[in-house]
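> Below is a structure I'd like to ask you about.
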Amino acid sequence: MLIKSPPPKLLTEAHATPESAYVSRRTLIKGVGAGIGGLLLARNAQALDLFGADKPQAAPRKPLDFAADKPAPELALTPEAKVTTHNNFYEFGTGKTDPAEHSQQLKTEPWTLTVEGEVEKPGTVDVWKLMGEIGLEERIYRMRCVEAWSMVIPWVGFELGKFLKRFAPTSRAKYVAFETLYDPEQMPGQRNRYVGGGVDYPYVEGLRMDEAMHPLSILSVGLYGKTLPPQNGAPIRLVVPWKYGFKGIKSIVKIKLVEHMPPTSWNKLAPQEYGFFANVNPAVDHPRWSQASERFIGPGGLFSVKRQPTLPFNGYAEEVASLYSGMDLKKFY
Ligand code: MTE
């Protein structure tokens, strides 16, 4: 099944410019290196050689089998080369090209994911086996980063809610807490605060139970028809399209169903800037910049990238706004 996204009128070929311009933009972004909160010092970790020796190249990405009832994409897709080179994965550095440059040695196979806490049937699954048996589908989703850029990405994955049901959540399960691998040997940002942007590792995230059970929330194991590359969160990461990108925790090893709202990495680091809910909301500015519009990273380059208005719930309001009825979304940002 393909969940349809809103019409593509905001994301058109009009945004296209030459690839060369995009390369200059990336260089520029890397030079600025402000991090998602702009909290970080200008980075020169590379210059200081804090990443360690050059590592071998990544294992090739494997083709995935997924539900093929795929109509022509309604949205202009962000090219694969951009999806895999413009990333946030602070375990591998705070610059946009750091994850692609420094994550290729991450050992993603074998990989297990443990589900525990408020469930009747806790367990640990082999993620690679799971990919073969769960029935994968493609979902073309908008992704809006809190830094006011966006992409449209063809993810391959499965519904988080269907997966969680296998473990029989108890009635006390009110929230879902997620945790990324903690392995400082493999993740330079975890062994060096400067490289890792001051995040208290392991990176953690959370959803309310009804958000997790919503059919738009997926665990992704691939993009563009192949398994995820390490920089995008291989082998398994969360994608919740109506929330800012930082909710999309990568390289998950543990999911715990809990009674109380769990801590989340960005909220711990800067609570006044990053709330638990993190719903995309053009009406609630980040304390240091507007969230009213965004730069779509599309097929073109820097000089044709036009700002487009940001949509409430990132364009998924029809599907998810009811989850928050009666809540003051300025207070619960
Ligand atoms: N997950 C972990 N473990 N570490 C991170 O630094 N960054 C988040 C999120 N997941 C992050 C993470 C942020 S800020 C964003 S915008 C998205 O990943 C980016 O996902 P992408 O690189 O696949 O586009």
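The values are calculated or read from the model by the stated rules, or taken from the named source; none is laboratory data. None of these values were measured; they are calculated from a predicted model. Reconstructed Cβ throughout: ideal geometry from the backbone, glycine too, with neighbour counts over all protein chains shown.
> Looking only at segment 314-324, decide whether some residue is buried (at least 18 other Cβ atoms within 10 Å of the Cβ) and assigned to a loop (DSSP other than H, G, I, E, B).
Yes, the conditions are met somewhere in segment 314-324.
> Also, quick follow-up: So which of 216, 160 ends up being hydrophobic (A, V, I, L, M, F, W, C), under 27 Å from residue 279 (Cβ atoms), modelled with pLDDT of 95 or more and touching a Leu at 6+ places or on another chain (Cβ under 7 Å)?
160
> Just to be sure, is residue 241 under 28 Å from residue 285 (Cβ atoms), part of a loop (DSSP other than H, G, I, E, B) and touching a strand residue (DSSP E or B) at 6+ places or on another chain (Cβ under 8 Å)?
The answer is yes for residue 241.
> Considering only residues that are under 19 Å from residue 59 (Cβ atoms) and either more than 8 Å from the ligand (Cβ to nearest atom) or aromatic (Phe, Trp, Tyr) (or both), which ones fall in segment 231-250?
Once the filter is applied, which keeps residues that are under 19 Å from residue 59 (Cβ atoms) and either more than 8 Å from the ligand (Cβ to nearest atom) or aromatic (Phe, Trp, Tyr) (or both), segment 231-250 yields 234, 235, 236.
> Given the options 195, 221, 253, name the one that is surrounded by fewer than 24 Cβ atoms within 10 Å (Cβ to Cβ), of a type in the set (Val, Ile, Thr), more than 10 Å from the ligand (Cβ to nearest atom) and modelled with pLDDT of 95 or more.
253
> Which pairs have Cβ atoms under 6 Å, sit 6 or more apart or on different chains, and link a residue in segment 253-264 that is assigned to a loop (DSSP other than H, G, I, E, B) to one that is buried (at least 20 other Cβ atoms within 10 Å of the Cβ) and of a type in the set (Asp, Glu)?
Here the result reads 264/205, each pair linking segment 253-264 to a residue that is buried (at least 20 other Cβ atoms within 10 Å of the Cβ) and of a type in the set (Asp, Glu).
> On the basis of being touching a Leu at 6+ places or on another chain (Cβ under 8 Å) and either among the aliphatic types (A, V, I, L, M) or closer than 22 Å to residue 204 by Cβ (or both), does residue 115 make the cut?
Yes; evaluated as a whole, the condition is true for this residue.
> Another question, then. With respect to residue 278, is the statement that it is on the phi > 0 side of the Ramachandran plot, under 18 Å from the mean Cα position of the chain (by Cα) and modelled with pLDDT of 95 or more true?
The answer is yes for residue 278.
> Among the residues of segment 220-229, is any among the hydrophobic types (A, V, I, L, M, F, W, C), closer than 22 Å to residue 317 by Cβ and assigned to a loop (DSSP other than H, G, I, E, B)?
Within segment 220-229 (the criterion being among the hydrophobic types (A, V, I, L, M, F, W, C), closer than 22 Å to residue 317 by Cβ and assigned to a loop (DSSP other than H, G, I, E, B)), the answer is no, since none of the residues qualifies.
> Can we say residue 213 is touching a residue at least 12 places away in the same chain (Cβ under 8 Å), within 17 Å of residue 247 (Cβ to Cβ), buried (at least 17 other Cβ atoms within 10 Å of the Cβ) and within 12 Å of the ligand (Cβ to nearest atom)?
When the stated conditions are applied, residue 213 does not pass them.
> Quick one: would you say residue 203 is buried (at least 21 other Cβ atoms within 10 Å of the Cβ) and of a type in the set (Ser, Thr, Tyr)?
The answer is yes for residue 203.
> Starting from segment 189-206, take each residue that is closer than 10 Å to residue 265 by Cβ and basic (Lys, Arg) and list its partners that are within 11 Å of the ligand (Cβ to nearest atom) and modelled with pLDDT under 95, counting only C-beta distances under 9 angstrom and pairs at least six apart or across chains.
Final answer for the pair search is none.
> If you go through segment 155-178 one residue at a time, how many are surrounded by fewer than 22 Cβ atoms within 10 Å (Cβ to Cβ) and not in a helix (DSSP H, G or I)?
11
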